[in-house]
1. For region 59-108, what is the charge dipole size about the Cα centre, in debye to the nearest 20, if Lys and Arg each add +1 at the Cβ and Asp and Glu each add -1 at the Cβ?
2. Any chance you could list P(r) for region 99-183, counting all Cα-Cα pairs in 10 angstrom bins from zero, rounded to whole %?
3. Assuming 1.567 mPa s and 4 °C, estimate D for the chain with Stokes-Einstein, Rh taken as the Kirkwood radius over Cα pairs, in µm²/s.
4. Based on Cα positions only, what radius of gyration and what Dmax would you give for region 29-118, in angstroms?
5. Placing one identical point scatterer on every Cα of region 85-147 and ignoring solvent, what is log10 I(q)/I(0) from the Debye formula at q = 0.15, 0.16 Å⁻¹?
6. Residue by residue through region 111-125, which ³J(HN,Hα) values in whole Hz follow from phi under the Karplus form 6.51 cos²θ - 1.76 cosθ + 1.60 (θ = phi - 60°), with glycine and proline marked x?
7. At 222 nm, what helix-only mean residue ellipticity would the chain give, in deg cm²/dmol to the nearest 500, using -39500 (n - 2.57) for each DSSP H run of four or more?
8. FRET efficiency for GLN172 and ARG106, Cβ-Cβ distance as r, R0 = 30 Å, nearest 0.05?
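Every read-out reported here was derived from the displayed coordinates using simple, explicitly stated rules and does not represent laboratory data. As the structure is a computational prediction, the values presented were derived from the model and not from experiment. Quick reminder, even Gly has a Cβ in these numbers, built from the backbone with ideal geometry, and neighbours come from all protein chains shown.
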Amino acid sequence: MRIVAGRWRGKKLAELGAGDAGAHLRPTTDRVRESLFNLLMNGRHADPVTGARVLDLFAGTGALGLEALSRGAAHVTFVDDGGAARALLRENIGLCAAQGTTKVFRRDATTLGENRGKPFDLVFLDPPYSQGLGDLAVRSALAGGWIAPGAMIVWEENAPPLPPAGLSQIDQRSYGGTTLTLLRAEGTA
């Protein structure tokens, strides 16, 4: 696993190794991540990455958020409640020397609670597949004020999700067993 583009292009990230079977770590492949960022940066949408405040829910290894930082995001907050995931995440933040532009929250993404800071412009959502956790996390983030008006949400699942109220679908692509859905939060940024 490596950073695909930007200032850390080619940077090798920590190996998963045997990992923690209970952690459900399933990093987004380099190929899917490259396709996703090409869609975001070169698509019909305004560039949602450069200068963005990014929220990476079910962050796992942090590859999505770190890719966004490499490509010009201003800050990433990573959320994951798994010990194995947070250890890999901290290692990857260190490898990229990104401590000053990141925060790591040990929190269940499905029960975020109230956001006490500025809302986020770009949200990555990569829950364990087929468990309904993505829907719970999006609803929690919306209810807690984590998502800015007009924000882009990138939801990775194994099947197309149904966007909850307050979000509209703007694109959807499938890559093998992975479906990427791009959503936009209601309101203007």
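1. 120 debye
2. Computed distribution, short to long bins: 17, 51, 28, 4.
3. 80 µm²/s
4. 13.1, 38
5. Once normalised to I(0) and log-transformed, intensities are -0.55, -0.63.
6. My calculation for region 111-125 gives 9, 5, x, 7, 7, 9, x, 5, x, 9, 8, 9, 10, 9, 10 Hz in order.
7. It comes out at -7500 deg cm²/dmol, rounded to the nearest 500.
8. 0.45
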